[in-house]
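The structure appears right after this line, and notes come after that.
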Amino acid sequence: LGFLTRHIGAEPDLATLAGLRAADLRAWLAWEAGKGIGAATRSRHLSALRSFFRFLARRHGVSNPQVALLATPRTHKPLPRALSAPEARAVAEEIGEVSDLPATQARDTALFSLLYGSGLRIAEALALDVADAPLPGSDAMLRVTGKGARQRIVPVLPVVREAIAGWLRLHPSPARDAPLFVGEKGGRLNPGVAQRTLRDFRRQHGLPEHATPHALRHSFATHLLAGGADLRSIQDLLGHASLSTTQRYTQVDTRALLEVWHRTHPRG
């Protein structure tokens, strides 16, 4: 209403609201965009406007079909934020330093090695049971149930299998149907505990704030792409239903390449 007062030169009344053109409403969205308001916020504002006009139609008989002609501002998912290879390796290899308890150290090392080594979501890793554990000398593949109950097979590196075997030697209840990663009370580990552990580690080691369990999954994909892996293989390893989701990593790789070019070219 404040924008319309400036836009039409007077405070709008019901007749003015009923006579607004789509161009007037688009001008309002453009004005918000010019102020730096993001697409997601503008989408919420547009939703509120539509609710307001439904209220006007219900309570005051004011109808304006032009509101339905407005397209919702398109929002863009932020690019995945990966860690550098040395940062991701430090998490996987040194995360046990956060705790003084040998069992917790072994558990955290196994968990975060698996997240970075196989690109699992934190929920997928914590849903595993002891029977699922890939161990040295066994099949190097792990069956994972992801979003939408879709199953996929992911390889597990020898160093990760060694870390899991080290944890199982200290596991409080290594029955086959027991959770692979357990908390202090013996139940399935809460993802919040894993997130807090990594938060403590990143503060101790000066890692960036986006160093989270999910950033290890992003790092897995980004480093595979940088190493020459094709998108279709990365899609299968991550369990993405759509290749377009995996393609976001090409933008990350391109941005990193441009940053190197700007930093190293003599005229950059």
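The values are calculated or read from the model by the stated rules, or taken from the named source; none is laboratory data. Please read all numbers here as calculations on a predicted model, not as lab measurements. Because the Cβ atoms are built from the backbone with ideal geometry, glycine has one as well, and the counts that use them run over all protein chains shown. Protein only, heavy atoms only, side chains kept; ligands, DNA and RNA dropped before computing areas. Shrake-Rupley method; radii C 1.70, N 1.55, O 1.52, S 1.80 Å.
Rounded to the nearest Å, what's the spacing between the alpha carbon centres of segment 200-216 and segment 96-161? Just the number, please. After rounding, the separation between the Cα centres reads 19 Å.
If you put +1 on each Lys and Arg Cβ and -1 on each Asp and Glu Cβ, how big is the dipole of segment 126-268 around its Cα centre, in Debye rounded to 20?
The calculation lands at about 340 debye.
Taking Kirkwood radius over Cα pairs in Å straight from the coordinates, which label in (i) 19.7; (ii) 22.3; (iii) 20.3 is the correct one? Here the calculated entry is (ii).
Of the residues Ala226, Trp167, Leu14, the one whose Cα sits farthest towards the positive end of the charge dipole of the chain is Leu14 (charges of +1 on Lys and Arg Cβ, -1 on Asp and Glu Cβ, taken about the Cα centre).
At a 1.4 Å probe, what is the % contribution of carbon and sulfur to the accessible area of segment 68-129?
In segment 68-129, the share of accessible area belonging to carbon and sulfur is 55 percent.
Net charge in the neighbourhood of Asp24 (other residues with Cβ under 14 Å of its Cβ; Lys, Arg +1, Asp, Glu -1) is +2. Along the positive direction of the dipole of segment 1-122 (beta-carbon charges: Lys, Arg +1; Asp, Glu -1; about the Cα centre), which of Phe53, Ala30, Ile95 reaches farthest? My answer, from the dipole projection, is Phe53.
Note on Arg21 and Ala140: their simple-model spin labels are 6.7 nm apart, each label 7 Å out from Cα toward Cβ.
For the chain, the solvent-accessible area of protein heavy atoms averages 56 Å² per residue (probe radius 1.4 Å; ligands and nucleic acids excluded). Per residue of the chain, the DSSP helices (runs of n ≥ 4 H) give a summed -39500 (n - 2.57) that works out to -17000 deg cm²/dmol at 222 nm. For segment 19-158, the dipole from Cβ point charges (+1 on Lys and Arg, -1 on Asp and Glu) about the Cα centre works out to 1580 debye, to the nearest 20. If you take all other residues with their beta carbon under 12 Å from the beta carbon of Ala127, and give Lys and Arg +1 and Asp and Glu -1, the sum is +1.
Take the Cβ atoms of Ser43 and Arg169, set R0 to 45 Å, and the FRET efficiency comes out at 0.30. Backbone N atoms of segment 145-160 closer than 17 Å to the 7 Å Cα→Cβ label point of Ala123 belong to residues 145-152. Dipole size of the chain about its Cα centre, with +1 on Lys/Arg Cβ and -1 on Asp/Glu Cβ: approximately 1160 debye, rounded to the nearest 20.
Peptides 84-90, 186-192, 147-153 ranked from most to least packed by the mean count of surrounding Cβ atoms within 10 Å: 84-90, 186-192, 147-153.
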